[in-house]
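Working notes for the structure below.
The values are calculated or read from the model by the stated rules, or taken from the named source; none is laboratory data. For clarity, every value in this text was computed on a predicted model and none was experimentally measured. Methodologically, a virtual Cβ is constructed for each residue, glycine included, from the backbone with ideal geometry; neighbour enumeration extends over all protein chains shown.
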Amino acid sequence: MKNQTPVTARYAETDQMGIIHHSVYPVWFEIGRTNFIKMLGITYTQLEKDGVMLPLSGLTCQYLRPVHYEDEVIIETIVQKVTPARMEFAYRVLLDGTVMATGTTTHGFVSSSTLRPLSMKKWNPALYRQFSDAVGDDNG
């Protein structure tokens, strides 16, 4: 399962050379991840209200080609891996079908009230199954 989120590169996201700054890509990944979860029928806000948070425990990004101001890119997001304790997303930033950057984020499942790790499989088996069923190799 794949989500595609369009993003237009904003002037405030550029560096002095007019290229999107490297620090922007994790923000774009978050946009894609948020929309992916929303595509599954739940929001981050609802997850937190229901008692689970997804803190970031790892991030990778490979910058392949520069993105410039006003470029209209697509953030492709897939769930790459799910375990009872964590999940990993993979991303591709595409410009006219060309891969500009790739990356991953890893998130743990923790209790909103205690901030301690929890087993998503035990906490909410239906949601865990939904995340697991979303795992796909559509990012290649």
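A few comments on the model shown:
- Summed over the stretch 54-74, the residues that are part of a strand (DSSP E or B) and surrounded by 20 or more Cβ atoms within 10 Å (Cβ to Cβ) give a count of 1.
- Residues in the stretch 95-120 that are touching a strand residue (DSSP E or B) at 6+ places or on another chain (Cβ under 9 Å), surrounded by 13 or more Cβ atoms within 10 Å (Cβ to Cβ) and without any contact (Cβ under 8 Å) to a residue 60 or more places away in the chain: L95, V99, M100, T102, T104, T106, H107, G108, F109, V110, P117.
- The listed residue being exposed (fewer than 14 other Cβ atoms within 10 Å of the Cβ) and either touching a residue at least 24 places away in the same chain (Cβ under 8 Å) or over 24 Å from G136 (Cβ atoms) (or both), out of K49, K2: K49
- The condition (being closer than 18 Å to L127 by Cβ and buried (at least 20 other Cβ atoms within 10 Å of the Cβ)) is satisfied by just one residue among T77, T34: T77.
- Every residue from the stretch 1-52 that is among the aliphatic types (A, V, I, L, M), modelled with pLDDT of 95 or more and part of a loop (DSSP other than H, G, I, E, B): A9
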